[in-house]
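Report on the following structure.
The values are calculated or read from the model by the stated rules, or taken from the named source; none is laboratory data. What you see is a predicted model, and the numbers here were worked out from it, not measured in a lab. Because the Cβ atoms are built from the backbone with ideal geometry, glycine has one as well, and the counts that use them run over all protein chains shown. In case anyone asks, the SASA skips ligands and DNA or RNA and just uses the protein heavy atoms, side chains included. Shrake-Rupley method; radii C 1.70, N 1.55, O 1.52, S 1.80 Å.
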Amino acid sequence: MIEKKFESIKMAPRDPILGLTELFKSDSRPEKINLGVGVYYDDLGQVPLLKCVQQAEVTLAERAIPRAYLPINGDQTYCDKVQELLFGASAPAIEQKKVITVQTLGGTGALRLGGDFLKSVFPDSTVWISDPSWENHRGVFERTGFTVDKYPYYDSSNKGVKYDEMIMAFERMPIGSIVVLHACCHNPTGVDLNINKWDEVIDVMKNQKLVPFLDIAYQGFGDGLDEDGQVIKKFADSGMHFLTANSFSKSFSLYGERVGGLSIMTANENQKNIVESHLKKIARATYSNPPTHGSKLVSTVLSSQELFSAWKTELAEMRNRIKLMRELICVEIKKIKPEANFNHVIQQRGMFSYTGLSKEQVIKLREKHSVYAIETGRICVAALNSKNLARAASAIAEVL
Ligand code: LMR
């Protein structure tokens, strides 16, 4: 019986993003280029260890802090700093103690913890994700037991947002529907809503009594730390209940440390305490409590004026390098194929570009040229550098 059960287990499909990295690693061609996973590489093709983080490491090593368990909800200084960063230090909601922030295992952990919490409050709701969205959004929310559906978002005809269709979809959603929104640097398209459009989005969501779940994994990679955080502040000002999942994987280049946060805007301090008690129950039963090191690094940087400003400078360097790569890949492709229109890549924001390459073109890119992209046509522009750019461009131009 048990043997039969095990024998009947079929291979699960590869993860469309991290599975591609596995495939990339097994490729023996030395000239291979991985434009799949969303990781920022510097111009030497390395994942940077930020100088502000190195500095924080030194400070922490000198203090030789014992590695006791953190509280279930994480390091309090870290959580306070996350709130300040997301909502602003003097935000009324923080002063009124309406926001609960819990340290999570990266942004994915925040989405999952939030999803588990929402399932207990809105068991019959559907979770709506943009069409398209980050591949793992569906996976995370389906694992929590929700049905996941899509709302219109990307318009391939003009490489913009299907704004009216999206608003109409929100207006038709049942009360209590959960809507996952990308606060900046939309993954995978790189196409964001104009900031002024968000007011209407918020009004519609408020009227329709929807539950917004904002995902902000790329703050600082679009137009700047404050600029990219504006949407969160708009939601906070709206007085709605909403959730935010944030990640420092990219902005602090701390991918492997799994540093994220889940923040929930509640109505008042009493409600905040109640919500917190439930989040703690879920976290305790899932991973007990979060790890110490990454959150200490982040809170050390965010608590020091000097390190905070150094971080902003390093973040700006990463952001500007990505923008440069966007421009150069267009220039290179145009040199080889003048009729190719790749200008949308320059307009897009964040790490990714939705190139418009078809699945067949992506497969050809991988098999013939050892250039790896996601099958939806998404490339990670942040993985281009002055050494691999010309080769990536000529491979793309060849498959176009
Ligand atoms: C991505 O979209 O490539 C990143 O967010 C990494 C991941 O976990 O998928």
Under 13 Å Cα-Cα from K119, which aspartates and glutamates qualify once same-chain neighbours fewer than 8 residues away are excluded? E142
Listed peptides 230-236, 118-124, 341-347, 387-393 by packing density, highest first (mean Cβ within 10 Å): 230-236, 387-393, 341-347, 118-124
Once amide H atoms are built 1.01 Å from N in the peptide plane, which residues 5 or more positions from L214, or in another chain, come under 5 Å H to H? L181, L243, T244, A245
Divide, for the range 12-97, the radius of gyration over alpha carbons by 2.2 N^0.38 Å, where N is the residue count. 1.66
Exceeding the 26 Å Cα-Cα cut-off - candidates K159/K335; K97/K250; K162/K312; K51/K233: K97/K250; K162/K312; K51/K233
Taking only Cα atoms of the range 244-391, what ratio of Rg to Rh do you get with Rh as the Kirkwood inverse-distance radius? 1.10
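In terms of solvent-accessible area of protein heavy atoms at a 1.4 angstrom probe, what is the ranking of R67, R378, R366, highest value first?
Of R67, R378, R366, the descending order of accessible area is R67, R366, R378.
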Please work out the Cα center distance from the range 27-102 to the range 133-184, rounded to the nearest Å. 27
Principal-axis tilt of helix 305-336 within the chain, Cα atoms, nearest 10 degrees: 30
Out of the range 91-187, which GluC sites (Glu not before Pro) are coil in DSSP terms and have no more than 15 other C-beta atoms within 10 Å? none
Got a sec? Which residues in the range 135-160 would a label at E327 touch, if it sits 7 Å along Cα→Cβ and we count backbone N under 18 Å? none
Cα-based Rg of the range 300-344 normalised by 2.2 N^0.38 Å, two decimals: 1.81
Evaluate the chain: find the radius of gyration of its Cα atoms, find its Kirkwood radius, and give the ratio Rg to Rh. 0.97
Residue-averaged [θ]222 nm for the chain, counting only DSSP H segments that reach four residues, each worth -39500 (n - 2.57): -15000 deg cm²/dmol
Can you tell me the mean projection area, over all orientations, of the convex hull of the range 1-54's alpha carbons? Units nm², please. 7.0
Counting only protein heavy atoms and a 1.4 Å probe, tell me what percentage of the chain's accessible area is made up of carbon and sulfur. 52
If one takes the longest principal axis of the Cα atoms in the chain, at what angle in degrees, from 0 to 90 and to the nearest 10, does the Cα axis of helix 293-303 lie? 80
Which log10 I(q)/I(0) values does the range 230-306 give at q = 0.17, 0.20, 0.26, 0.27 Å⁻¹ under the Debye formula, counting every alpha carbon as one identical point scatterer? -0.89, -1.10, -1.18, -1.18
Would you kindly calculate the mean projected area, averaged across all directions, of the convex hull enclosing the Cα atoms of the range 263-339, in square nanometres? 10.1
Starting from the exponent 0.38 and prefactor 2.2 Å, build the expected Rg for the range 60-209 from its residue count and divide its actual Cα Rg by it. 1.21
Counting only residues 5 or more apart in sequence or on a different chain, those whose built amide H sits under 5 Å from that of W128 are D149, I178, V179, V180
Solvent-accessible surface ranking, highest first, for D149, D155 at 1.4 angstrom: D149, D155
